[in-house]
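Enquirer: Pasting a structure below so you can have a look.
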Amino acid sequence: MGLGARHASRYSPVELLEGDPHLIARIKDLIADLTSDHADLLVAFHRVQAEMGYVPREAVPFLAARFKTTPAMIFGAISFYSEVHTEPPPGTVVEWCSGPACLLKGSMNIRRAIEAVIGCGMNESTPDNAVGLRLVQCDGTCHLAPLVRVEHRYVGPLTVSDAIKLARDLKEGKKA
Ligand code: FES
């Protein structure tokens, strides 16, 4: 994703929370071997996200102290790397391909149908965090265009009615 791109898990520094001691202790262990150099900060984000699925906002003050910087700098780094998520991942992730073959085969209509039925926009999640929509690039599976990936499983070629059924199933808690 592009640098500086916004996504639904952005949060404001005013939302700084007290850290859960167990969570902070686990994060401390995860990054124990890293230096305080800012070059290791991205490694820290990746390790925390790999285990927890996101970088909890409660971790920001600890990370700031650990990397000898300010919470604002940590927030800035999180905002810069759009692949770093700051909220728990949705129960089911639906990835919509924005590539040219999918677009030529009507993927915008697929996107509109899914957004309308699920009730959230691209790169957002439903209020209950059950389903999240993510924009992705072509990964070479164009023979399935237009497609989505549901929890990394390819679903395509899709018609609009297929997409509506898929979205309804997801909304009802059924896996595609
Ligand atoms: S353009 Fe969508 S998979 Fe290639």
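Enquirer: Within region 24-43, track down each residue that is in contact with a helix residue (DSSP H, G or I) (Cβ under 6 Å, 6 or more places away or on another chain) and outside any helix (DSSP H, G or I).
Expert: I31, L34 - these are the residues of region 24-43 that are in contact with a helix residue (DSSP H, G or I) (Cβ under 6 Å, 6 or more places away or on another chain) and outside any helix (DSSP H, G or I).
Enquirer: Out of the residues in region 115-143 meeting the condition of being surrounded by fewer than 14 Cβ atoms within 10 Å (Cβ to Cβ) and out of contact with any strand residue (DSSP E or B) (no Cβ under 8 Å at 6 or more places or on another chain), tell me which one is nearest to A163 (Cα to Cα).
Expert: Per the criteria, the residue is A116.
Enquirer: Based on what the data block shows, is S161 among the small types (G, A, S) and either under 22 Å from P88 (Cα atoms) or in contact with a Leu (Cβ under 8 Å, 6 or more places away or on another chain) (or both)? Step through it out loud before you land on a result.
Expert: Working: among the small types (G, A, S): yes; either under 22 Å from P88 (Cα atoms) or in contact with a Leu (Cβ under 8 Å, 6 or more places away or on another chain) (or both): no.
In short, no.
Enquirer: Any chance region 79-96 includes a residue that's in a helix (DSSP H, G or I), within 30 Å of A44 (Cβ to Cβ) and either within 15 Å of the ligand (Cβ to nearest atom) or of a type outside the set (S, T, Y) (or both)? It would help to see each step written out before you state the result.
Expert: Taking region 79-96 first, the residues in a helix (DSSP H, G or I) are 79-80.
Within this subset, residues satisfying the condition of being within 30 Å of A44 (Cβ to Cβ) are 79-80.
Then drop every residue that is not either within 15 Å of the ligand (Cβ to nearest atom) or of a type outside the set (S, T, Y) (or both), which leaves 80.
Scanning region 79-96 turns up at least one residue that is in a helix (DSSP H, G or I), within 30 Å of A44 (Cβ to Cβ) and either within 15 Å of the ligand (Cβ to nearest atom) or of a type outside the set (S, T, Y) (or both).
Enquirer: Sticking with this one: For region 44-65, what are the residues that are in a helix (DSSP H, G or I) and either crowded, with 19+ Cβ neighbours inside 10 Å or touching a Leu at 6+ places or on another chain (Cβ under 7 Å) (or both)? It would help to see each step written out before you state the result.
Expert: Step one: of region 44-65, the residues in a helix (DSSP H, G or I) are 44-52, 59-65.
Correct list: A44, F45, R47, V48, E51, A59, V60, P61, F62, L63.
Enquirer: Ok, one more. Got at least one residue in region 101-111 being closer than 24 Å to V84 by Cα and away from the ligand (no atom under 15 Å from the Cβ)? Full working, then the answer.
Expert: Taking region 101-111 first, the residues closer than 24 Å to V84 by Cα are 111.
Adding the requirement that they be away from the ligand (no atom under 15 Å from the Cβ) leaves none.
No, region 101-111 contains no residue that is closer than 24 Å to V84 by Cα and away from the ligand (no atom under 15 Å from the Cβ).
Enquirer: Next question. Working carefully through the options G173, G106, G119, G156, find the one that is small (G, A, S) and out of contact with any helix residue (DSSP H, G or I) (no Cβ under 9 Å at 6 or more places or on another chain). Spell out the reasoning first.
Expert: On the way: G106 fails: out of contact with any helix residue (DSSP H, G or I) (no Cβ under 9 Å at 6 or more places or on another chain); G119 fails: out of contact with any helix residue (DSSP H, G or I) (no Cβ under 9 Å at 6 or more places or on another chain); G156 fails: out of contact with any helix residue (DSSP H, G or I) (no Cβ under 9 Å at 6 or more places or on another chain).
When all the criteria are applied, what remains is G173.
Enquirer: Could you tell me which residue of region 122-167 is nearest to the ligand (Cβ to nearest atom), considering only residues that are of a type in the set (A, V, I, L, M, F, W, C) and in a loop (DSSP other than H, G, I, E, B)? Reasoning before the result, please.
Expert: Of region 122-167, the ones of a type in the set (A, V, I, L, M, F, W, C) are 122, 130-131, 133, 135-136, 138, 142, 144-145, 147-148, 150, 155, 158, 160, 163-164, 166-167.
Then drop every residue that is not in a loop (DSSP other than H, G, I, E, B), which leaves 122, 130, 138, 145, 147, 158.
Working: M122: 15, A130: 25, C138: 3, A145: 5, L147: 6, L158: 11 Å.
If we take residues in region 122-167 being of a type in the set (A, V, I, L, M, F, W, C) and in a loop (DSSP other than H, G, I, E, B), then C138 is nearest to the ligand (Cβ to nearest atom).
Enquirer: Starting from region 112-139, keep only residues that are closer than 15 Å to H152 by Cβ and in the same structural domain as G156 (by TED's automatic domain parsing), then list their pairs with residues that are assigned to a strand (DSSP E or B) and of a type in the set (D, E) whose Cβ atoms are within a distance under 7 Å, requiring at least 6 positions of separation or different chains.
Expert: R134/E95; V136/E95
Enquirer: Something else now. Quick one: count up the residues across region 144-168 that are among the acidic types (D, E) and out of contact with any strand residue (DSSP E or B) (no Cβ under 7 Å at 6 or more places or on another chain). Show your work before the answer.
Expert: To start, the set of residues in region 144-168 that are among the acidic types (D, E) comprises 151, 162.
Narrowing the set further to residues that are out of contact with any strand residue (DSSP E or B) (no Cβ under 7 Å at 6 or more places or on another chain) leaves 162.
Number satisfying all stated conditions: 1.
Enquirer: In region 69-114, which residues are surrounded by fewer than 17 Cβ atoms within 10 Å (Cβ to Cβ) and within 17 Å of V160 (Cα to Cα)?
Expert: Result: S98, L103, L104, G106, M108, N109, R112.
The values are calculated or read from the model by the stated rules, or taken from the named source; none is laboratory data. Keep in mind that what you see is a predicted model, and the values were worked out from it rather than measured. Counting neighbours? That spans all protein chains shown, and the Cβs are built from the backbone with ideal geometry, glycine included.
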